[in-house]
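Computed from the coordinates by the stated procedures, all read-outs in this text should not be read as laboratory data. Quick caveat: nothing in here was measured; it's all calculated off a predicted structure.
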Amino acid sequence: MKILLWLGLCILLSTVVIAVNIEEQYFISFSYTQEGLIIHNITKDYDVPYEDTFSEGLIFQIIDINNKTYNTTFPIDFYDEYTLGIPYNSRGVELRVYDGETLLASKSLTTLTEYCGNNKCDLSESSFSCSKDCKITSEEKALLTTTDIVKESNLTRWIIIGILTLIIAGIIAIVIARRKQQTSNL
């Protein structure tokens, strides 16, 4: 009975944990003064304050590798320092900040961008999943060699099993044929 209660509690807790949606975001700290907008830092993080898109304010535009743009508008009431969370784009290459049509600042996002072909081996990549960015390591070479050997030995094993199965089936067929012949002679 206790086991069933614990199992039910574990299933309930795992359901609650799965229901929590944690989204990666750009965490942008900037200051807006009479001289202009200065982007101090951009990092990638979880659990940063996410701002809904407002109808008026500064436009934070993410440009991805395909030149698609994603906008988030953030209201600025006065000159001050701000921190802002906006949705992360794994293919984002540049952040641009506009006041209306006027470009206030831009900053490269390539150090935060994770995709195959960005010339850096990201945590989510390996030489197997993205050989463009990740060089094969000696451990991976050894694994490939071992895998090839295992594949070859498995193939050899199946060939031997197939041949033995045919031999055994042939022997059984011969034994059955002889018994039929013996019973027909009697």
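Pulled fully out, how much extra length does the chain show between Asp80 and Leu123, if you take 0.36 nm times their separation in residues and subtract their Cα-Cα distance?
This chain segment gains 11.9 nm when fully extended.
For a quick check: with amide H placed at 1.01 Å from N, whose amide H comes under 5 Å from Ala105's, ignoring anything fewer than 5 positions away on the same chain?
When sequence neighbours closer than 5 places are left aside, the close amide H contacts are Val97.
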